[in-house]
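Before I ask anything, let me first share the structure, which is written out below as structure tokens.
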Amino acid sequence: MILIRNAQDKDLESIFLINQLNSSNPNKPPKEKEFCLYLYAGYYMKMEKENCFVAYESETDEVLGYILGSRNYESFLSMIENDYLEKAEELGFKQRFLSEIHAYERFKDEYPAHFHIDVKPGNQHKGIGSRLLDEQLKHLRNEGAKGVMLLVGKNKEAANHFYEKNGMAVIAESQTTFARGKKL
């Protein structure tokens, strides 16, 4: 039976593995891999674990998917810059780091929360992602967030279908990316 629970420290290795399995380039150079693991998973587990959930197989405790998020853009920005800007510069990704974290800024008033979600290959298209998203939205609503958003590549057809199906409307777009949002 697949259940959803708050993420725990013991889940971090599984979260990192699932993140890499879903990467557009799983063979990234080590510095880029370290950078991406922090930016898309490590930060949330370190600084905002209360906003992180995993789907797991109850009999084996195997993590099958995760959703990691931030309830408030302003606190996210402050915490991630204080915690990681120097390291991103050391790794050679300062500009990319600043670009990525500030990409949410224009949406902060209407959609102050954001998230990252991944389901382990072989377990996708089984409703796990929808259940994780439902749990995250319920949690964010209970925490007083008035809206949630994320960025997704236009070329990610399956992901865009998933978000559309789950009520995440396109709120802006660039040449390569959709910003999707949902009012809570």
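The values are calculated or read from the model by the stated rules, or taken from the named source; none is laboratory data. Please read all numbers here as calculations on a predicted model, not as lab measurements. So basically every Cβ, Gly included, is an ideal-geometry build from the backbone, and we count neighbours across all protein chains shown.
Go through the stretch 83-122 and give me each residue that's farther than 19 Å from Leu37 by Cβ and surrounded by fewer than 17 Cβ atoms within 10 Å (Cβ to Cβ).
His102, Glu105, Arg106, Asp109, Glu110, Gly122
Picking from Ala179, Ala158, Ala169, which residue would you name as being modelled with pLDDT under 95, within 18 Å of the chain's Cα centre (by Cα) and not aromatic (Phe, Trp, Tyr)?
Ala158
List, please: which pairs have Cβ atoms under 8 Å, are six or more places apart or on different chains, and start with a residue in the stretch 16-32 that is over 15 Å from Gly42 (Cβ atoms) and without any contact (Cβ under 8 Å) to a residue 24 or more places away in the chain and end with one that is crowded, with 17+ Cβ neighbours inside 10 Å and polar (S, T, N, Q)?
Going by the 8 Å Cβ cut-off, the qualifying pairs are Pro26/Gln20.
Identify the single condition in (1) at pLDDT below 95; (2) in a helix (DSSP H, G or I); (3) over 15 Å from the mean Cα position of the chain (by Cα); (4) not aliphatic (A, V, I, L, M) that Pro26 does not satisfy, given that it satisfies every other one.
(2)
OK, next. Is it the case, given these coordinates, that Gly129 is under 20 Å from Ser99 (Cα atoms), among the small types (Gly, Ala, Ser) and in contact with a helix residue (DSSP H, G or I) (Cβ under 9 Å, 6 or more places away or on another chain)?
no
With the structure loaded, tell me whether Leu137 is over 19 Å from Leu37 (Cβ atoms) and either under 17 Å from the mean Cα position of the chain (by Cα) or not in a helix (DSSP H, G or I) (or both) or whether it fails that test.
Yes; evaluated as a whole, the condition is true for this residue.
Suppose we keep only residues that are touching a residue at least 40 places away in the same chain (Cβ under 8 Å) and of a type in the set (Val, Ile, Thr) within the stretch 37-79. Which one would you say is surrounded by the fewest Cβ atoms within 10 Å (Cβ to Cβ)?
Of everything passing the filter in the stretch 37-79, Val63 is surrounded by the fewest Cβ atoms within 10 Å (Cβ to Cβ).
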